[in-house]
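The values are calculated or read from the model by the stated rules, or taken from the named source; none is laboratory data. It should be emphasised that the depicted structure is a prediction, and the values quoted were computed from it without experimental measurement. No Cβ is skipped: glycine too gets one built from the backbone with ideal geometry, and neighbour counts run over all protein chains shown. Note: areas computed on protein heavy atoms with side chains; ligands, DNA, RNA excluded. Shrake-Rupley method; radii C 1.70, N 1.55, O 1.52, S 1.80 Å.
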Amino acid sequence: MKRRIATKTLKWAEPLPPLLPVRTVKQLLLCAILLVMPIRSPVLANRPRSFSSSSLADQPQVRTALDWFTKNLKWVDDEQVKLTEIPAPSFQEAKRAEAVRDILASEGLAIHTDKIGNVIGELPGSDEEVVVLAAHLDTVFPAGTEIKVRREGGRLVAPGISDNGTGLAGLLAVARAIQTAKIKPRRTILFAANVGEEGEGNLRGMRALIDAYRTKLRAVIVLDGSGTDHVTTKALASRRLEVLITGPGGHSWSDFGMPNPINALVRASVRFINTKVPAAPRTTFNLGQIEGGTSVNSIPYEAKLKVDLRSENEDEIARLESSLRDCVAAGVKDEMDNARERNRGKLEWKINQIGSRPGGELPPDSPLLAALRSADEYVGNQSRVERSSTDANIPLSLGIEAIALGAGGSGGGAHSLQEWYEPAGRDMGLKRVLLTLLGVAGFAPEKGPS
Ligand SMILES: [Zn+2]
């Protein structure tokens, strides 16, 4: 009975039962609050939802950390160049991970590498909860790509220099600034260099991080690329599919007329690219990679196509996938129907999912967003909210607060061989990251002499 009253009392708009003495009602109310906040102690419940940047910057240690960026920009540039020149295609990040591990260890953090290769430096807080600052290690460039960094005027030019050389350098710089200033956070901060963000990495590094810390995790800040003009608070859902069509194969002359998997794939593709997609919710598809055949004078025994589907609405992705299936079935049927020698071999087809990124959104009243807005105001920056596909998709899809940010400076040509980064203004971007991080991690000032 008491329990029921307590539960009802939590619907704030309802009047309290008038027959109970006031003291009892207050007690019940307190019990009710504690009941719905099982994971927070009363002390934590009193804590502000996020810390304003100006109150943080009143602390001498935080000021020391902020100054550190301005004084050590060359160190940050050098680390970025060094890391960018270590090849790190998705699934081959180990060498770059080792270099990051060495730097984080030299900053006095407790380091471990998890079983899929994420490097995690831990700065213990005064309570159990955890905040993650993460940057992905991997690049889209295959092994053997020329990745030596060139300096052109004020710019650094190399594949991967910005995505995610900037994010990794930012991660190390923030960790170093915090350690140099001897800042003790309230929540534990994990500095994570994670594997598997790009392409078929399919966010595997972030998935593993979230799995490992999920119960204690309160916020995730992802550093991805450059800039300070945006904050990603909405996760763009995507699905990646591989179409595979197979047949017996044969000789181009003597077996002419046998069903040909490449012909079938072309017929299917021409149908699919005519699929209408809505402008709102924005929905896109891309035929990104095509393979098959062994020589110009052979009827191939297989043909493959990789397709990327994205939408602001996950229902549209499902609709596109079913359209792709219909088109492949129809393309294969066309080829079989039109093959003069169709009795000499049947084509088979299947579609495999090779990646899936769930969608999600940060609520507008989120403490993490409040911390970012406060940091923007403090450093004099303006940023727009964006929807994008990043490591933040995973926490956002699970209702864990997360954003993705550029780590300052400016960049362009991401995922191309002409990718560039310009460090001018980087310190503002790093201050923004630090203040946002401490805004949600909190600050435990040193106790003075008693
Ligand atoms: Zn990236």
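Here is how the numbers come out for the structure above:
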item	result
Candidates Phe51, Phe191, Phe91: whichever shows maximal mean-square fluctuation once the chain is modelled as a Gaussian network with Cα springs under 10 Å	Phe91
For segment 54-80 versus segment 101-117, the gap between their alpha-carbon centres in whole angstrom	21 Å
Of all accessible heavy-atom area on segment 304-450, the percent that carbon and sulfur account for (1.4 Å)	46 percent
Per residue accessible area in Å² of segment 89-203, where ligands, DNA and RNA are left out and the probe is 1.4 Å	36 Å²
Zone of Lys333's modelled label, taken as backbone nitrogen in segment 265-290 under 18 Å from a point 7 Å along Cα→Cβ	265-275
Sequence-distant aspartates and glutamates (8 or more away, or on other chains) whose Cα lies within less than 17 Å of Lys115	Glu93, Glu98, Asp138, Glu197, Asp211
Interchain or long-range residues, amide H under 5 Å from Ala134's placed H	Ala192, Ile221, Val222, Leu223
Over the chain: helical MRE at 222 nm, DSSP H runs n ≥ 4 each giving -39500 (n - 2.57), nearest 500	-11500 deg cm²/dmol
Cleavage-rule hits, chymotrypsin sites (Phe, Trp or Tyr not before Pro), segment 199-270, DSSP coil, Cβ neighbours within 10 Å at most 14	Trp253, Phe256
Exposed trypsin sites (Lys or Arg not before Pro) absent - longest run of the chain, DSSP non-H/G/I/E/B, at most 13 other C-beta within 10 Å	347-446
Local electrostatic count at Val307 - Lys and Arg +1, Asp and Glu -1, tallied over other residues with Cβ under 12 Å	+3
Loop-resident sites, segment 45-130, for GluC sites (Glu not before Pro), counting at most 11 other Cβ within 10 Å (DSSP)	none
For segment 193-244 and segment 399-415, distance of Cα centres in Å	11 Å
Violating pairs (Cα-Cα greater than 30 angstrom) within the set Lys74/Lys95; Lys95/Lys234; Lys82/Lys216; Lys71/Lys184; Lys234/Lys276; Lys82/Lys182	Lys95/Lys234; Lys82/Lys216
Accessible surface, segment 234-353, averaged per residue in Å² (probe 1.4 Å)	54 Å²
